[in-house]
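Chemist: The structure that follows is given in the form of structure tokens.
The values are calculated or read from the model by the stated rules, or taken from the named source; none is laboratory data. Predicted model, so just to flag it, every value in this text is computed and none were measured. FYI the Cβ positions are ideal-geometry reconstructions off the backbone, even for glycines, and counts take in every protein chain you see.
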Amino acid sequence: MSGLILSHLSVYRGPCPVVDDVSAELRPGEFVGLIGPNGAGKTTLMRAALGLIRHKGASSLARLSAAERARTAAWLPQMREVAWPVSVETLVGLGRTPHLRPGQRMGEADRAAIARALDRMDLAGFEHRRATALSGGEQARALIARAVAQEAPVLIADEPIAGLDPAHQITTMRLFAGLAAEGRLVVAALHDLGLAARFCTRLLVLHRGRLEGDGPPREVLDEAMLARVFGLRAYLADTPEGPIVQPVEVVT
Amino acid sequence: MFTLSGRGARPGGGQTAEVMQCTVCGRPPRPSGQMTTGRGDCGHACRTKLGIRTTRTGMAAMRFRALIAALSALVAALFLVALLVGPAGLAPGESLVALVSGKGDAAALVMREIRLPRAILAVLVGASLGLSGAALQGYLRNPLAEPGLIGVSASAALGAVIALQTGLAAAHALALPGLALAGALVAVLLLLVLAGPRGGAFTLILAGIALSSLAGALTALVLNLSPNPYAAADIVFWMMGSLADRSFAHVWLALPLTLLGWLLIAGLGRGLDALTLGEDAAEALGIRLSRLRLALVLGVAASVGAGVAVAGAIGFVGLIVPHLLRPLVGARPGRLLLASALGGAALLLASDLAVRLILPDRDLKLGVLTAIIGAPLFFHLIYKTRREAGA
């Protein structure tokens, strides 16, 4: 099982660093939440880590060939794009692309992976619906199922739960935590600090391109960091259900 | 601050599920995945045994094979009819015998030198247009894309117009298609320079529009300054597109480039499928987009450039055929390629037949007819799209 090692990763847009010298070693089995305000560089960091954009420094994924990387890491972009009215099953099946040799058709193992991903995303029975006719949240779940069907040891997701109803936000976070518990590495950019605190095993705080915090949620999320990075005052509590983080007020 | 009270409180953490067994085969799940329902989802072939899910998937694959078979049969039938219809008025039996045996001078000449190359060209050009249209629509994720979009058709037409204007076309039979191919080649080189090696779909569209406009303007300039009204009339009629009076010389000129173009595009199916998810996701799925784009541009330029060189600009086929066939292939861009190629060949064969049957002695131009058929089909598609959107 492979993780993701970033060393001195920087991305420049013109002279300005959008991601500034980020180093981290993410290990299999971790569910890493990438948090930070809008424009902090979360998406750019993930795309650079995958080698999809020019960067300085090194990422263990960016070094791989395109085909090898696709088998190692699944990427769920923030933009939820479904260009054609294909069936949900076809859409999810696109996740199997890296596992097929040129000209090879999908086999029983691929179909089983698709069915597992559909089951996990609560989409059983949606197989033959047109993906473009689904509601926004259902479409989001189908696209997550696509990334899950890739069955790669690393899953990197950009705001995967944005736009999902509360129940599916929780089931998706639980699914990601379950994938991590199986020995995969899951990295997700998240805006919901409460869910990040409850489900992630580790949080990376990104602020103006720099890594401002790295560690278990309860160590990372404190009043000082929330005020400095997010400009927030939050209600923090420990309960038998796990930590509760509820933003309360903006601090100026 | 706050602390976690105990590891067990963590939701979604380590689930200590006992090893489940599949209720169908009695085995534990394969290491590649996790079992959720236990009813055949073990990763073995149990779903097939239960008849779950694979049935309709299998049906979709069968429907696709049936569609391809039907379209192939249609192309074959139309090809045969195209060989049997013409102003020479040969009896069907007589003409086929003449075609195969080569005996019966006049009939054999008509069959082998006039009707056969014309029918072959209809297949080549129609398939190129259908295939290129489907590939471009898939790449740009836009159902309005068509082969003319990247500027190669307009530039090939400009080459042909220059051949007509300078009189080279009259001096040598292959000067016109030759110059048209040169125009297509210049266009594709300019296109690759303009769009850059790593640019996305958007720069390709912009570069294509710029090239089309420039070639169109230069064509208009040639017409504008033409001192010879006959040459101007020739140019206007040529630009309408036709397969009349083409010979095997045209077939041999167009064939290698057309086949090369088909070959380049045929390998793009999986990449175009992946592009359904957008460029970023497709690239992360291991699709090398810059390579895909290069193969696409070269493939479209070779096949459509060769088509324009021998037949002139024939519109609407590359736009309408992928549109009509898309619902029949489950909207999958990869599957649309072959279906669209066959559909394009069938449509052009049928149109060329119609040209000969509707006004046999007025030389109705093929491109005019495809536009007259295509535009109302397009109206229908707009209406259908509006109805689906509920507007």
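Chemist: Kindly list the number of the only condition in (1) surrounded by 17 or more Cβ atoms within 10 Å (Cβ to Cβ); (2) under 19 Å from the mean Cα position of the chain (by Cα); (3) within 8 Å of chain B (Cβ to nearest Cβ) that fails for residue A:83.
Modeler: (2)
Residue-wise test of (1) out of contact with any Leu (no Cβ under 7 Å at 6 or more places or on another chain); (2) surrounded by 15 or more Cβ atoms within 10 Å (Cβ to Cβ); (3) more than 11 Å from every other protein chain (Cβ to nearest Cβ); (4) under 24 Å from residue A:78 (Cα atoms).
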residue	(1), (2), (3), (4)
A:188	no, yes, yes, yes
A:204	no, yes, yes, yes
A:210	yes, yes, yes, yes
A:243	no, yes, no, no
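Chemist: Could you grab me the full set of residues in region A:62-72 that are facing chain B (nearest Cβ under 7 Å) and surrounded by fewer than 20 Cβ atoms within 10 Å (Cβ to Cβ)?
Modeler: Within region A:62-72, A:66, A:67 meet the criteria.
Chemist: Quick check: anything in region B:245-260 among the β-branched types (Val, Ile, Thr) and surrounded by fewer than 19 Cβ atoms within 10 Å (Cβ to Cβ)?
Modeler: Yes, region B:245-260 contains a residue that is among the β-branched types (Val, Ile, Thr) and surrounded by fewer than 19 Cβ atoms within 10 Å (Cβ to Cβ).
Chemist: Report yes if residue A:223 is out of contact with any helix residue (DSSP H, G or I) (no Cβ under 8 Å at 6 or more places or on another chain) and either crowded, with 21+ Cβ neighbours inside 10 Å or charged (D, E, K, R) (or both), otherwise no.
Modeler: Taking the combined requirement at face value, the residue satisfies it.
Chemist: Quick one: which of B:99, B:136, B:90 is of a type outside the set (D, E, K, R) and closer than 29 Å to residue B:265 by Cα?
Modeler: Step by step, each of B:99, B:136, B:90 is checked, and only B:136 is of a type outside the set (D, E, K, R) and closer than 29 Å to residue B:265 by Cα.
Chemist: Within region A:131-142, take every residue that is more than 9 Å from every other protein chain (Cβ to nearest Cβ) and touching a helix residue (DSSP H, G or I) at 6+ places or on another chain (Cβ under 7 Å) and give me the one that is surrounded by the most Cβ atoms within 10 Å (Cβ to Cβ).
Modeler: Applying the filter and picking the extreme gives A:141.
Chemist: Another question, then. Tally up the residues in region A:35-61 that are in a helix (DSSP H, G or I) and either more than 12 Å from chain B (Cβ to nearest Cβ) or out of contact with any helix residue (DSSP H, G or I) (no Cβ under 7 Å at 6 or more places or on another chain) (or both), please.
Modeler: Selection size over region A:35-61: 8.
Chemist: Go over the candidates B:255, B:337 one by one and state the one that is within 14 Å of another protein chain (Cβ to nearest Cβ), out of contact with any Asp or Glu (no Cβ under 7 Å at 6 or more places or on another chain) and hydrophobic (A, V, I, L, M, F, W, C).
Modeler: The conditions single out B:337.
Chemist: So, one more: Return the only residue of A:162, A:147 being within 27 Å of residue A:83 (Cβ to Cβ) and either part of a loop (DSSP other than H, G, I, E, B) or free of Cβ contacts under 8 Å to residues at least 12 places away in the same chain (or both).
Modeler: Unique residue meeting the criteria: A:162.
Chemist: State all residues of region A:226-241 that are more than 14 Å from every other protein chain (Cβ to nearest Cβ) and touching a helix residue (DSSP H, G or I) at 6+ places or on another chain (Cβ under 6 Å); if no residue qualifies, say none.
Modeler: A:232 - this is the single residue of region A:226-241 that is more than 14 Å from every other protein chain (Cβ to nearest Cβ) and touching a helix residue (DSSP H, G or I) at 6+ places or on another chain (Cβ under 6 Å).
Chemist: Moving on to the next point. Hey, residue B:242 hits all of (1) in a helix (DSSP H, G or I); (2) touching a Gly at 6+ places or on another chain (Cβ under 9 Å) but one; which does it fall short on?
Modeler: (1)
Chemist: Considering every residue within region A:73-80, establish whether at least one is more than 8 Å from chain B (Cβ to nearest Cβ) and buried (at least 17 other Cβ atoms within 10 Å of the Cβ).
Modeler: Checked region A:73-80: at least one residue is more than 8 Å from chain B (Cβ to nearest Cβ) and buried (at least 17 other Cβ atoms within 10 Å of the Cβ).
Chemist: How many of the residues in region A:13-34 are under 15 Å from the mean Cα position of the chain (by Cα), part of a strand (DSSP E or B) and either modelled with pLDDT under 95 or not hydrophobic (A, V, I, L, M, F, W, C) (or both)?
Modeler: 1
Chemist: For residue A:177, all conditions in the list (1) part of a helix (DSSP H, G or I); (2) at the interface with chain B (Cβ under 8 Å from one of its Cβ atoms); (3) touching a residue at least 40 places away in the same chain (Cβ under 8 Å); (4) farther than 19 Å from residue A:202 by Cα hold save one; what is the number of the exception?
Modeler: It fails just one condition, (4).
Chemist: Cβ-Cβ under 8 Å, sequence separation 6+ or interchain: first residue in region A:108-130 and more than 9 Å from every other protein chain (Cβ to nearest Cβ), partner surrounded by fewer than 17 Cβ atoms within 10 Å (Cβ to Cβ) and in a loop (DSSP other than H, G, I, E, B). Which pairs?
Modeler: A:110/A:100
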